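Take a look at the structure set out below.
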């Protein structure tokens, strides 16, 4: 049976090394299967997060040969025979052990977002064409690969100033809901720091759900922020109508 | 004395899938202090994997639908074994719970009139499943999660409970550990809601995630509650069969709901041959009528055509596929063919996006161009912790259960789509029941017995001590053996000989479980976690096997080769499993009798 060579990051809180494992390859195998093989046959203490193994829960995020990916969607047969496969934890969040990181920051960010706010007298009739955009955003499985690859978070560690692509998508899903009445624009500008994004589209590239994060969520929200806060003519018109 | 963290709540909810989140939201709304414990990160629970939809008689598509029809469908699907009151509450309250999800931000697919769209599913007379493509579970859990984080309850992520603690007969707390670093934690709580899901990881081929290790069933059993009807284990007819790594992953019933056709290696559409006599009249008479039904469904038009035979109940379709494969008419990888590729490719991608990607990415199959290969996969357990229908309280005061870990609602076979509705209907009732129980307690202080905590700590420390010994067993090897035993001897078709063998093997395996050991530290150590999970899975597995041996008939998902007929007498009793000292006790207890006004809703006779 052909064998794959995996180099897996082992260790706690950033101190660790890559350990090499040989894993027999089965047809259709994914990297998560290989990690499970190591867990069962070499070391049951190998730490990895996973739940569904079907790319629906977004738990098994890691970096495979340096690229952010879901382990359950990374097919072994896309690598050359004999090619070493490195598996390491996502870099943007504090390391805990082996392939597991502390992603709790994301859950704290989510709490800061103004929740869905329908009008009390909404009649709940709306059409498929009204929700196509929102449904794209709601496909998000919170794997946080977009957060991992975002330069603002990854290279500059500006978690104090930028919520990251995942929560741009979340806010866009609320802002574009046909029945939502809240205005999040000030928060999107000031708290979420949408101006920090310089639209390199790396987040879009790694999204396992193919959400067009930059084009469909971030850019339209940037435009709304510009209209609200930076458009001089708009500001002038508003000042007139506000006086009415 | 060992160190542990202490938290105090009025209500502690264990499990954060649909039922647990809905229970926590409700209990919070009642003004009590709530904690929510989840074994994974928030939003990753098994609910996220539900695909096809949530069943509720909104009558948005088929206006003849109402709760009574849903109730009758549910009871018929469950072969009369359902707790009638639960089935009634479920059918009556599901529509309001779905509307509530929409008010909380869920974005369901729409009808042309701008209402929530509903699709057909097995065993449902009318189009009843509210859905979002084929990712309805994700929509539901995210909606509840985003609602929950603003309700002020505490969430303890990646935390597992290993012991329920009692003051006399009453619940007084729970003990557990954090997966992250292995530190121990004590929760003082006046009431506990178990919402931990199912038992799938006891089987080799399953659609269930790693979390499904029978935690709630085992905790409740240990605390003195009883488990009912554990013999009823649902094998979903359509799981992936290839490649090996994805074997068992669910292929939504929505494929058949949208018109998917099942054929064998001889290209024969076989489901019509397996329809029970008593339900044949509900289905189309030939492929032409099936085709008219599908065309009308796609166009969103009314039709007098009846639904295709592929939409029979899950127990029936699973047995049919198993039989086709066993008799040599299977597909190359040991399944049968499920085909939706005759429909417009863009429509298939729109209605079944996850299925499209799942097959494309994991199996190199384009479902818009050719058929899928599918076969039965262990999916759900109908049996579980016995609860009172209206409050979801178990026979242990202060202990509640909701969702898959509870029993009674689905009888001998669950209809697709009735699980998501179960979660929100009974999650809410459990949260309400627990909050009212706490209010009723007043200021009665509940004690925690220190000896019980010490024992719980000792139990959790033990695998590391055993791990130092030469004859320590790898917990993953034991799980593999458990899987083989359950799949071989307690699987889709059963007989006395197999079940007896299985029970003997489980007994031997229990000795091995005691020798499960691990090395390393307590920091995120999956091997250590598995040692504890094994104990839970063993309890559920033994309960399933003993219950299956005791039911000498075939009913719903329980198929006995040595008792192939349904015995009407046996519908009068639940199988009850409880702890009697160190032994497992099995009793037949009287099933609640349905009132006359509900009986009148049934025209037909019972069927196998």
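Coordinate-derived values only; no laboratory data. What you see is a predicted model, and the numbers here were worked out from it, not measured in a lab. So basically every Cβ, Gly included, is an ideal-geometry build from the backbone, and we count neighbours across all protein chains shown.
With an 8 Å Cα cut-off and a minimum separation of 6 or more residues, compute the relative contact order for chain A in percent.
Averaging sequence separation for qualifying contacts and normalising by length gives 16 percent for chain A.
Can you bin every Cα-Cα distance in the range B:237-377 into 5 Å intervals starting at zero and give me the percent of pairs per bin, rounded to whole numbers?
Whole-percent P(r) values from 0 Å outward: 2, 10, 20, 23, 21, 14, 6, 2, 0.
Just to be sure I follow: if Rg is taken over the C-alpha atoms of the range A:3-101 and Rh is the Kirkwood radius over the same atoms, what is Rg/Rh?
Details: Rg = 12.3 Å, Rh = 13.3 Å.
Ratio of gyration radius to Kirkwood radius for the range A:3-101: 0.92.
Return an integer: the convex hull volume of the alpha-carbon atoms of the range B:240-298, in Å³ per residue. Please list the in-between numbers first.
Working: hull volume 6.9 nm³, N = 59.
Per-residue hull volume (Cα only) is 117 Å³.
What ratio of Cα Rg to 2.2 N^0.38 Å holds for the range A:87-215?
1.12
Quick one: angle between helix A:128-137 and the longest Cα principal axis of chain A, in degrees between 0 and 90, rounded to 10, please.
50 degrees
Specify the angular offset, from 0 to 90 degrees and rounded to the nearest 10, of the alpha carbon long axis of helix B:136-148 from the longest principal axis of the alpha carbons in chain B.
That helix lies at roughly 40 degrees to the long axis.
Based on the alpha-carbon gyration tensor of the range B:92-144 and its eigenvalue square roots a ≥ b ≥ c, which shape applies: rounded if a/c is under 1.5, prolate if not and a/b is larger than b/c, or oblate?
Taking the square roots of the gyration eigenvalues as a ≥ b ≥ c, the range B:92-144 is rounded.
Would you calculate a helix-derived [θ] at 222 nm for chain A, using -39,500 (n - 2.57) for each DSSP H run of n ≥ 4 and dividing by the full residue count, to the nearest 500?
One gets -9000 deg cm²/dmol as the mean residue ellipticity at 222 nm.
For the pair residue A:5 and residue A:200, what calculated FRET efficiency results from E = 1/(1 + (r/R0)^6), where r is the Cβ-Cβ distance and R0 = 25 Å, to the nearest 0.05?
On the way: r = 33 Å, r/R0 = 1.31.
E(calc), rounded to 0.05, equals 0.15.
Shielding by partners for B:107-118, please: the mean number of other protein chain Cβ atoms within 10 Å of each residue's Cβ.
The shielding value for this peptide is 4.
Normalised by the residues of chain B, what does the relative contact order come to in percent, with Cα pairs under 8 Å and at least six apart? Present the calculation step by step, with values, prior to reporting the outcome.
Numbers: 1434 pairs, mean separation 128.4, N = 608.
Dividing the mean separation by the residue count of chain B yields 21 percent.
Can you tell me, using C-alpha contacts under 8 Å and at least 6 residues apart, the relative contact order of the range A:104-233 as a whole percent?
RCO, the range A:104-233: 30 percent.
If R0 is 51 Å, what FRET efficiency do you get for residue B:452 and residue B:150 from their C-beta distance, rounded to 0.05? Spell out each step's value before the answer.
Values: r = 35 Å, r/R0 = 0.69.
After rounding to 0.05, the efficiency reads 0.90.
From the helices alone, meaning DSSP H stretches of at least four residues, give me the mean residue ellipticity at 222 nm for chain B, per-run term -39500 (n - 2.57), in deg cm²/dmol to the nearest 500. Provide the component values of the computation, followed by the final result.
Details: 16 runs with 217 residues, N = 608.
Rounded to the nearest 500, it is -11500 deg cm²/dmol.
Residues in the range A:111-127 near a label at residue A:238, defined as backbone nitrogen under 19 Å from the 7 Å Cα→Cβ point?
Flagged as within label range: A:114.
With a point put 7 Å past each Cα toward its Cβ, work out how far residue B:8 is from residue A:157 in nm, to one decimal.
Spacing of the two 7 Å Cα→Cβ label points: 3.9 nm.
Relative to the longest principal axis of the C-alpha atoms of chain B, give the angle of the C-alpha long axis of helix B:496-513, reported between 0 and 90° and rounded to the nearest 10°.
40 degrees
Over the Cα atoms of chain B, what is the Rg over Rh ratio if Rh follows Kirkwood?
Rounded to two decimals, Rg/Rh equals 0.95.
With a/c under 1.5 counting as rounded, go ahead and sort the range A:64-157 into rounded, prolate or oblate using the C-alpha gyration tensor (a ≥ b ≥ c being the square roots of the eigenvalues; past the cut-off, prolate if a/b is larger than b/c, else oblate).
Since a/c reaches 1.5 but b/c is at least a/b, the shape of the range A:64-157 is classed as oblate.
In terms of the Cα gyration tensor, with a ≥ b ≥ c the square roots of its eigenvalues, is the protein assembly as shown rounded because a/c is under 1.5, prolate because a/b exceeds b/c, or oblate?
Since a/c stays below 1.5, the shape of the protein assembly as shown is classed as rounded.
Roughly how many nanometres apart are two label points built 7 Å out from the Cα toward the Cβ at residue B:350 and residue B:64?
2.8 nm
Report, in cubic angstrom per residue, the convex hull volume of the C-alpha atoms of chain A. Write down the numbers at each step before the final one.
Numbers: hull volume 37.6 nm³, N = 244.
Considering the Cα atoms of chain A, their hull volume per residue is 154 Å³.
Determine, for B:104, B:84, the number of other Cβ atoms within 10 Å of each Cβ, and report the residues in order from fewest to most.
Working: B:104 17, B:84 22.
By the 10 Å Cβ count, ascending, the order reads B:104, B:84.
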